[in-house]
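Below: one structure, written as structure tokens.
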Amino acid sequence: MVGELPRHLDDDYAINVCIKKHFIHKSSYLSGYVKKGTVKAWLNYLVTTPLYRRNGIVFNEENLAAIGQTEQTDISEERRAVDLEVVDEMNEVEMMIGQQHTLMWNEDKCLELAPAQNQKPLSIIYDEFAEELSFPDIYLGHPRCFNREVHVTAFMMATSEVRRRDRRGARPEHILYMAMKIMRLRVSEGLNNTFKCMGTANITRAQLQDREFLESCIERNLSFLKSIPNSVQYWQQRKRDVFAMIRQLGKPTMFLTMSANEIRWPHLLSILRKLSGGSNIAEMDDIVQQLSALQRATLVSEDPVTCCAYFHKLVNIFLRLLSSTRLSPFGKYHVVDYFKRIEFQHRGSPHAHILLWLANDPREDVSERMPATVELIDFLCSIRSEDLPETYGNQVGLNFA
């Protein structure tokens, strides 16, 4: 557990950090803990890097040394003791929470910070090295260097970093940061081009009060928002695509929903294990089967890019199979066309909603007797007790004849 004895408890002290928007707020915007010895080692290194020297960031070791000297004497023997009997009864969620505590944990005393109070934050669009300074464990205090002959965009940098073997750049917090940065850059560039091109010299008051004129201006001048997912213009364009398909193909035949279950996909877990530093996939098949639910969830949560790419390929292969005239399990009702929408659930897992247009779709009027439609439903929708595990039938209380 340690490389040198006696153990230096002063560097083991965990500092409870609470980041607030204002000091008067009771709730914290972000909270967590940092290990004193780890922070000390990082700061000793970072203050020597080019970016930290350029911004004049210094390290006052005396302030860090003063933290934890008085708190250590207040810890009682009962607090130092660990109740081993409770560990056997803890579930996996409690184990995850328990990993965030140490013997020196003190929730009553915390380091409160409010970096944005009474200050105007600088947008990440204009802060040149904001990303390198925000993620020192990825860039190590050094700016990124590029070939002068190549015009590198933020999207090119993001796609390059998430595809590398070093998976530090594919962590969820870095992915969200890059996505927000790219979205703001697109909006900023689009607005700049819009206000440069649109002429506002001859607009009258009557035109400003005309709703159709304003909507036409928004449609014409803010069309760049169609390329930004989840914007109003983006979904308006997607809605038009669906209506155009309905006019050409008729009403869709089926609605298909597909959800990802990453922690139960052995091949994906083997890939994630290999990317995280394991051996080759063939040697890890047996190891993956022995992983606990907590270990599986950790592998999935640390690399969302690989999980999303894996799910995307599975969905595309499944749709290609359904569209095949020879191999489709739907037989004569193979898929002619489809409309797909990918969502992300609260736990961050991808979720696909798909409209399917099938061949030989019965075009029957709605009535009490629709023999062709009943035949289609009986052919595509079926279930057998042999297809379900025995435990599932017992859990839901189902009886199969």
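Using only side-chain charges placed at the Cβ, +1 for Lys and Arg and -1 for Asp and Glu, the dipole size of region 277-368 relative to its Cα centre rounds to 220 debye. Other residues whose C-beta falls under 14 angstrom from the C-beta of GLU161 contribute a net charge of +2, scoring Lys and Arg +1 and Asp and Glu -1.
Computing FRET efficiency as 1/(1 + (r/R0)^6) for SER160 and GLN209, where r is the C-beta to C-beta distance and R0 is 35 Å, gives about 0.10.
Treating r as the C-beta distance of ASN202 and THR153 and R0 as 45 Å, the FRET efficiency rounds to 0.80.
A simple spin-label model places pseudo-atoms 7 Å from Cα toward Cβ; at THR194 and TYR234 they are separated by 1.5 nm.
Across region 117-157, Cα-Cα pairs more than 12 Å apart make up 70 percent of the total.
With K and R counted +1 and D and E -1, the other residues having a Cβ less than 11 Å from that of LEU51 yield a net charge of 0.
Spacing of the modelled spin labels on HIS351 and GLU173, each 7 Å from Cα toward Cβ, amounts to 2.7 nm. Label positions at VAL336 and MET180, each projected 7 Å from the Cα along the C-beta direction, are separated by 4.6 nm.
For region 238-332, what does the alpha-carbon gyration tensor say about shape, rounded, prolate or oblate, given a ≥ b ≥ c as the root eigenvalues, a/c under 1.5 as rounded, and a/b over b/c as prolate? Note, shape of region 238-332 comes out prolate. Per-residue extension of 0.36 nm, minus the Cα-Cα distance of GLN290 and GLU343, leaves a gain of 16.0 nm for this segment.
Between ASN63 and LYS26, the FRET efficiency estimated from the beta carbon spacing at R0 = 41 angstrom works out to 0.95.
No value in this document is a laboratory result; all are computed from the given coordinates. Being a predicted model, the structure only gives us computed values, none of them experimental. All Cβ positions, glycine included, derive from the backbone under ideal geometry; neighbour counts span all protein chains shown.
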